[in-house]
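Engineer: Here you go, one structure.
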Amino acid sequence: MSIRASENSKLVYLITGGSSGLGKAAAIGLLKSGWKVAVLDIQSPVDEYLAKFENNALFIKADVSSEKDVSNALAIVKEKFGKINGIVNCAGVFAAGSIYDSKNKNPHSLELFTKIIQVNLIGTFNVTRLAIPLILGNEPNNDGERGIVINTSSITGLDGAPGNIAYSVSKAAVAGMTKPLAKELSDLGIRVVDIAPGLFETPLTEGVALGTLQYVFPKRAGRPEEFAELVKAIINLPVLNGTTIRLDSAQTI
């Protein structure tokens with residue numbers, strides 16, 4: 001939806017995984033735009049950055065894959081802000097692991113695979129499905145739009161990455177939800193857009209040799225504030241819908 005400056009104070013967004021990394025950057029970007037933000041995360045923000053935004057910011061500890069946690073969180077957001085205009089799903093976990101470890105002669109851990117799917121895929125689906133009724137309470141704008149869902153996949157889900165089978169599968173599934181969700185929710189006035197980041201300078205990529213990857217241009221990892229800028233652009237461009245946007249400097253894995 002195209003946002004007028006006078007409407008800024010009326011807009012409310014729910015961001016998962018907003019205690020650090022890309023979610024934190026998105027939260028700060030939207031808060032600096034004058035919007036209200038509710039952050040859902042299993043971990044509290046380590047630097048308490050939300051405090052500086054006072055009544056425009058809210059933190060709720062929640063497991064995104066838990067129906068009870070997310071339902072309770074949405075009830076708190078509704079009580080505090082009265083509504084939400086959209087969600088930005090950034091909650092995710094990463095762990096490397098090949099389908100078969102030939103050195104130690106071990107297959108991939110089923111427990112690890114399940115955990116990554118549980119958070120990255122089921123968590124994204126769970127928050128989205130439970131937030132829709134709250135978004136539907138909004139009055140539609142001139143285009144008939146009531147709100148937006150922005151998901152976060154990864155270029156590893158689009159291109160595949162050796163040694164990251166669970167993470168790649170989880171993110172491929174998130175990207176795969178984009179078009180069917182957009183089609184299902186079109187009559188309800190809800191847009192769905194997916195962002196597929198390359199490597200970004202976040203806690204999730206600590207230990208990854210960012211400088212050794214093949215970037216076309218610019219030849220560096222992404223900065224979290226650049227992700228936040230794309231989130232804001234997506235919100236403001238009503239014709240962006242049902243698509244996955246790569247944000248990766250044309251990177252090759």
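Engineer: Would you check if Arg146 is touching a strand residue (DSSP E or B) at 6+ places or on another chain (Cβ under 7 Å), open to solvent by 60 Å² or more (accessible area, probe 1.4 Å) and within 20 Å of Lys183 (Cβ to Cβ)?
Structural biologist: The answer is yes for Arg146.
Engineer: Check whether at least one residue in the stretch 55-69 is under 30 Å from Pro162 (Cα atoms), touching a strand residue (DSSP E or B) at 6+ places or on another chain (Cβ under 8 Å) and assigned to a strand (DSSP E or B), and report yes or no.
Structural biologist: no
Engineer: I would also like to ask the following. Working only within the stretch 232-251, note down all residues that are part of a helix (DSSP H, G or I) and open to solvent by 50 Å² or more (accessible area, probe 1.4 Å).
Structural biologist: The one that is part of a helix (DSSP H, G or I) and open to solvent by 50 Å² or more (accessible area, probe 1.4 Å): Asn236.
Engineer: Only one of these is open to solvent by 20 Å² or more (accessible area, probe 1.4 Å), assigned to a helix (DSSP H, G or I) and in contact with a strand residue (DSSP E or B) (Cβ under 6 Å, 6 or more places away or on another chain): Ile76, Ile28. Name it.
Structural biologist: Ile76
Engineer: Output the number of residues of the stretch 116-138 satisfying the condition of being touching a residue at least 24 places away in the same chain (Cβ under 8 Å), farther than 18 Å from Ser153 by Cβ, open to solvent by 10 Å² or more (accessible area, probe 1.4 Å) and assigned to a helix (DSSP H, G or I).
Structural biologist: Residues in the stretch 116-138 being touching a residue at least 24 places away in the same chain (Cβ under 8 Å), farther than 18 Å from Ser153 by Cβ, open to solvent by 10 Å² or more (accessible area, probe 1.4 Å) and assigned to a helix (DSSP H, G or I): 3 in total.
Engineer: For residues that are closer than 22 Å to Asp101 by Cβ and of a type in the set (Ser, Thr, Tyr), scanning just the stretch 156-195, find the one that is surrounded by the most Cβ atoms within 10 Å (Cβ to Cβ).
Structural biologist: Among residues in the stretch 156-195 that are closer than 22 Å to Asp101 by Cβ and of a type in the set (Ser, Thr, Tyr), the one surrounded by the most Cβ atoms within 10 Å (Cβ to Cβ) is Ser170.
Engineer: Please find, among Ser153, Ser98, Ser109, the residue that is in contact with a helix residue (DSSP H, G or I) (Cβ under 8 Å, 6 or more places away or on another chain) and open to solvent by 30 Å² or more (accessible area, probe 1.4 Å).
Structural biologist: Ser98
Engineer: Answer yes or no as to whether Leu40 is modelled with pLDDT of 95 or more, in a strand (DSSP E or B), in contact with a strand residue (DSSP E or B) (Cβ under 7 Å, 6 or more places away or on another chain) and not polar (S, T, N, Q). Step through it out loud before you land on a result.
Structural biologist: Working: modelled with pLDDT of 95 or more: yes; in a strand (DSSP E or B): yes; in contact with a strand residue (DSSP E or B) (Cβ under 7 Å, 6 or more places away or on another chain): yes; not polar (S, T, N, Q): yes.
Yes, satisfied.
The values are calculated or read from the model by the stated rules, or taken from the named source; none is laboratory data. A quick note: this is a predicted structure, and the numbers were derived from the prediction, not measured. Ideal geometry is used to build each Cβ from the backbone, glycine not excepted, and the neighbour counts take in all protein chains shown. Only protein heavy atoms, including side chains, enter the accessible area calculation; ligands, DNA and RNA are left aside. Shrake-Rupley method; radii C 1.70, N 1.55, O 1.52, S 1.80 Å.
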